[in-house]
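Working notes, beginning with the structure itself.
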Amino acid sequence: VQLVETGGGPVQAGGSLRLSCVASGDIDTITSLGWYRRAAPGSQFVLVADITSEGRTRYTDSVTGRFTISRDNAKTTVYLQMNSLKPEDTARYFCNADTATERTWGRGTQVTVSP
């Protein structure tokens, strides 16, 4: 499985961004797709949201009500709609895909929220 993220960039507080992650390769083996973020190089990856192949979603508390994860019907693209962005949302956002045997990461896309 390969993952490519797009959609990051600079935004002012209160604004919105939509991240996209396109999966390719052995996509039929994917059991869940998700978004993690890392505030700085070397810092911990933090789950933002994920969605299973059955459509179950979960969110970290800090983004609940502001962010929405979704996917297309072909289950090859996962989106993260981010509204009411805050400076503390500034991070590099990484897409990940889980299969029964491995976790794959994209290279990430930077989101920078200015006050």
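The values are calculated or read from the model by the stated rules, or taken from the named source; none is laboratory data. In this text, all values refer to a predicted model and were calculated from it rather than measured experimentally. Note that we place each Cβ from the backbone using ideal geometry, even for glycine, and neighbour counts take in every protein chain shown. SASA here: full protein model, heavy atoms, side chains in, ligands and nucleic acids out. Shrake-Rupley method; radii C 1.70, N 1.55, O 1.52, S 1.80 Å.
Positive contributions from Lys and Arg (+1) and negative ones from Asp and Glu (-1), summed over other residues with Cβ under 14 Å from the Cβ of Ala39, come out at +2. Amide H contacts of Gly15: Leu85, each under 5 Å away and 5 or more positions distant or on a separate chain (H built 1.01 Å from N in the peptide plane; Pro and chain starts excluded). Relative to the current alpha-carbon distance between Arg66 and Glu88, full extension at 0.36 nm per residue lengthens the span by 6.6 nm. Taking 0.36 nm per residue of sequence separation and removing the Cα-Cα distance, the Thr29/Thr6 pair yields an extension gain of 6.0 nm. Taking the Cα centre of the range 26-75 as reference, the dipole from Cβ charges on Lys and Arg (+1) and Asp and Glu (-1) amounts to some 240 debye. In the context of the full set of protein chains, the chain has a per residue accessible area of 52 Å² (1.4 Å probe). Each Lys and Arg adds +1 at its Cβ and each Asp and Glu adds -1 at its Cβ; summed about the Cα centre, the chain shows a dipole of about 300 debye.
The mean sequence separation of alpha-carbon pairs under 8 Å and at least six residues apart, normalised by the residue count of the chain, gives a relative contact order of 38 percent.
Note on the chain: with neighbouring protein chains present and a 1.4 Å probe, carbon and sulfur make up 48 percent of its accessible heavy-atom surface. Residues whose amide H comes within less than 5 Å of that of Thr90, counting only those at least five positions distant or on another chain, are Val113 (H built at 1.01 Å from N in the peptide plane).
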